[in-house]
1. For the subset of the stretch B:45-62 comprising residues that are surrounded by 14 or more Cβ atoms within 10 Å (Cβ to Cβ) and part of a strand (DSSP E or B), which member is nearest to the other protein chains (Cβ to nearest Cβ)?
2. Could you run through the stretch A:25-60 and say how many residues are among the charged types (D, E, K, R), surrounded by fewer than 19 Cβ atoms within 10 Å (Cβ to Cβ) and within 15 Å of A:Phe105 (Cβ to Cβ)?
3. May I ask you to verify whether A:Ile26 is in contact (Cβ under 8 Å) with a residue 40 or more places away in the chain, hydrophobic (A, V, I, L, M, F, W, C) and touching a strand residue (DSSP E or B) at 6+ places or on another chain (Cβ under 8 Å)?
4. Out of the residues in the stretch B:68-111 meeting the condition of being among the β-branched types (Val, Ile, Thr) and either assigned to a loop (DSSP other than H, G, I, E, B) or out of contact with any Gly (no Cβ under 6 Å at 6 or more places or on another chain) (or both), tell me which one is nearest to the other protein chains (Cβ to nearest Cβ).
5. Out of curiosity, is B:Leu65 away from chain A (no Cβ under 14 Å), open to solvent by less than 10 Å² (accessible area, probe 1.4 Å) and not in a loop (DSSP other than H, G, I, E, B)?
6. Could you please give the count of residues in the stretch A:67-114 that are among the polar types (S, T, N, Q), open to solvent by 20 Å² or more (accessible area, probe 1.4 Å) and away from chain B (no Cβ under 14 Å)?
Amino acid sequence: DAGVIQSPRHEVTEMGQEVTLRCKPISGHDYLFWYRQTMMRGLELLIYFNNNVPIDDSGMPEDRFSAKMPNASFSTLKIQPSEPRDSAVYFCASILWGSTDTQYFGPGTRLTVL
Amino acid sequence: GEDVEQSLFLSVREGDSSVINCTYTDSSSTYLYWYKQEPGAGLQLLTYIFSNMDMKQDQRLTVLLNKKDKHLSLRIADTQTGDSAIYFCAESDSGYSTLTFGKGTMLLVSP
């Protein structure tokens, strides 16, 4: 398996623009997580899904952030409108619940909002 | 809420042992993890320990857990320059679903 795939790897945009980050979890995994990493706040859980259903979105910072998982192999995290303070690395991770395994992380998307 | 604290930076010489420390506040933590993040990459699980264990050894890695003090440590024996990375401590009280991470300890290994 190719692991968790995220795109784009880098995104530079201007304040006010819409940004869409994409994630393809490992095939067969039934949980998907979105994290944000910054120097100041470290790694924060934004939202997670189970079988494509959002379970806990209490980490989503504002209404400007939204996440969807239309099917088991694809999820998006959207920021509209984007602001400079949204600049961070966004990670997606997936796991097969009940396995003796752990969360597998994607390589991340580095977002810069100018 | 849960909190996980780590020192931010550790510098060692190649061949020495490294010890990275972590404290956590959630007394119901069941699983404790160490992740490694290399530059430009995602997090990779190094090892984990269940709360009913005191120690776990895996090749050059030794994890010690003091549940009374809520203190976790990661010892890397014979540290190599390739071990230079950021190491994250994480805890979970509900299996493998949600994790609370520390802010990471940057380990710098000099030749």
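1. First, the residues of the stretch B:45-62 that are surrounded by 14 or more Cβ atoms within 10 Å (Cβ to Cβ): B:45-49, B:51, B:56, B:60-62.
After this cut, where a residue has to be part of a strand (DSSP E or B) as well, the list is B:45-49, B:56, B:61-62.
On the way: B:Leu45: 4, B:Leu46: 10, B:Thr47: 10, B:Tyr48: 7, B:Ile49: 12, B:Lys56: 14, B:Leu61: 15, B:Thr62: 19 Å.
Out of the qualifying residues, it is B:Leu45.
2. The initial filter retains those residues of the stretch A:25-60 that are among the charged types (D, E, K, R), namely A:30, A:36, A:41, A:44, A:56-57.
From the residues that got through so far, the ones that are surrounded by fewer than 19 Cβ atoms within 10 Å (Cβ to Cβ) too are A:30, A:41, A:44, A:56-57.
Cutting the leftovers down to within 15 Å of A:Phe105 (Cβ to Cβ) gives us A:44.
Qualifying residue count for the region: 1.
3. On the way: in contact (Cβ under 8 Å) with a residue 40 or more places away in the chain: yes; hydrophobic (A, V, I, L, M, F, W, C): yes; touching a strand residue (DSSP E or B) at 6+ places or on another chain (Cβ under 8 Å): yes.
The answer is yes for A:Ile26.
4. To start, the set of residues in the stretch B:68-111 that are among the β-branched types (Val, Ile, Thr) comprises B:76, B:79, B:81, B:86, B:98, B:100, B:105, B:109.
Narrowing further to those that are either assigned to a loop (DSSP other than H, G, I, E, B) or out of contact with any Gly (no Cβ under 6 Å at 6 or more places or on another chain) (or both): B:76, B:79, B:81, B:98, B:100, B:105, B:109.
Working: B:Ile76: 19, B:Thr79: 23, B:Thr81: 22, B:Thr98: 6, B:Thr100: 8, B:Thr105: 11, B:Val109: 21 Å.
Within the stretch B:68-111, the match that is nearest to the other protein chains (Cβ to nearest Cβ) is B:Thr98.
5. Values: away from chain A (no Cβ under 14 Å): yes; open to solvent by less than 10 Å² (accessible area, probe 1.4 Å): no; not in a loop (DSSP other than H, G, I, E, B): yes.
It is false that B:Leu65 is away from chain A (no Cβ under 14 Å), open to solvent by less than 10 Å² (accessible area, probe 1.4 Å) and not in a loop (DSSP other than H, G, I, E, B).
6. Filtering the stretch A:67-114 for residues among the polar types (S, T, N, Q) gives A:71, A:73, A:75-76, A:80, A:82, A:87, A:94, A:99-100, A:102-103, A:109, A:112.
Now narrow it down to the ones that are open to solvent by 20 Å² or more (accessible area, probe 1.4 Å): A:71, A:73, A:76, A:80, A:87, A:99-100, A:112.
Still in the running and away from chain B (no Cβ under 14 Å): A:71, A:73, A:76, A:80, A:87, A:112.
Number satisfying all stated conditions: 6.
The values are calculated or read from the model by the stated rules, or taken from the named source; none is laboratory data. Computed from a predicted model, the values in this text were never measured in an experiment. Here Cβ is always computed from backbone atoms with ideal geometry, including for glycine, and neighbour counts include all displayed protein chains. With ligands, DNA and RNA removed, areas are computed over all heavy atoms of the protein, side chains included. Shrake-Rupley method; radii C 1.70, N 1.55, O 1.52, S 1.80 Å.
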